[in-house]
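A.B. asks: Before I ask anything, let me first share the structure, which is written out below as structure tokens.
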Amino acid sequence: MRIVSGGVTDLGRVRTNNEDCFRIVESLNLFVLADGMGGEAHGEVASELAVETIVKHCMDAETQLGLSEPSWTEKTRRLTNAVHLANKSIYDSAEAHPEQHGMGATLTAAWIDGSKLSIAHVGDSRAYLLRSGNLQ
């Protein structure tokens, strides 16, 4: 399978700062997108923390947490654990920095492993499957 990817964010017309953050790790076929919660304190910090935590955890084969279902693939388990770690990172940062209280981000991540796809999703950022011209 050949994967072609790209990404771009847009500030839009309403806000003065961009709260989007994404990373594409082509060598892993890992795609992560977070959007800071609109108008909330430091959404851009939350989205960057989420993306960086997930990418780091997915790239580090040594780090493990116990959150998983027996039928899940290794990548699905790792992605699930990465989302929990990202949530903890955001919470811990807000606790350490009172000005960040209430910050948060939506998240969508996809990890392709051959014919298998692992998806993590939090909030209202969407993931779509385009197959044979049909969008789901």
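The values are calculated or read from the model by the stated rules, or taken from the named source; none is laboratory data. Bear in mind the structure is a predicted one, so any value in this text is a computation, not a measurement. Positions of Cβ are backbone-derived with ideal geometry, glycine not excepted, and every protein chain shown enters the neighbour counts. Accessible surface areas use protein heavy atoms only, side chains included; no ligands, DNA or RNA. Shrake-Rupley method; radii C 1.70, N 1.55, O 1.52, S 1.80 Å.
A.B. asks: Between a residue in segment 117-128 that is under 17 Å from residue 53 (Cβ atoms) and any residue that is β-branched (Val, Ile, Thr) and modelled with pLDDT under 90, which pairs come within a Cβ distance under 7 Å, given they are 6 or more apart or on different chains?
C.D. replies: 118/73
Residues checked against (1) of a type in the set (Gly, Ala, Ser); (2) open to solvent by 20 Å² or more (accessible area, probe 1.4 Å); (3) touching a helix residue (DSSP H, G or I) at 6+ places or on another chain (Cβ under 9 Å):
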residue	(1), (2), (3)
49	no, yes, yes
55	no, no, yes
84	no, yes, no
97	no, yes, yes
102	yes, yes, yes
108	no, no, no
127	yes, yes, no
132	yes, yes, no
136	no, yes, no
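A.B. asks: If you take the residues in segment 50-76 that are under 19 Å from residue 24 (Cα atoms) and not aliphatic (A, V, I, L, M), which one is modelled with the lowest pLDDT? Lay out the reasoning, then the answer.
C.D. replies: As a first pass, look at segment 50-76 and keep what is under 19 Å from residue 24 (Cα atoms): 50-61, 75-76.
Still in the running and not aliphatic (A, V, I, L, M): 52-53, 56-58, 60, 75-76.
On the way: 52: 97, 53: 96, 56: 95, 57: 94, 58: 93, 60: 86, 75: 91, 76: 91.
Checking each candidate, the answer is 60.
A.B. asks: Continuing with this model, one more query. Give all pairs with beta carbons closer than 6 Å in which a residue from segment 94-105 that is over 16 Å from residue 48 (Cβ atoms) meets a residue that is open to solvent by less than 20 Å² (accessible area, probe 1.4 Å) and not in a loop (DSSP other than H, G, I, E, B); count only pairs at least 6 apart in sequence or on separate chains.
C.D. replies: Sorted first by the residue in segment 94-105, then by its partner, the pairs are 101/94.
A.B. asks: Taking into account only those residues within segment 7-45 that are of a type in the set (D, E, K, R), modelled with pLDDT under 90 and buried (at least 17 other Cβ atoms within 10 Å of the Cβ), which is farthest from residue 82 (Cα to Cα)? Even if it seems obvious, please write down each step before you answer.
C.D. replies: Quick first cut of segment 7-45, residues of a type in the set (D, E, K, R) only: 10, 13, 15, 19-20, 23, 26, 35, 40, 44.
Okay, now just the ones that are also modelled with pLDDT under 90, so 10, 13, 15, 19-20, 40.
Subset that is buried (at least 17 other Cβ atoms within 10 Å of the Cβ): 19-20.
Numbers: 19: 20, 20: 18 Å.
Once the filter is applied, the top-ranked residue is 19.
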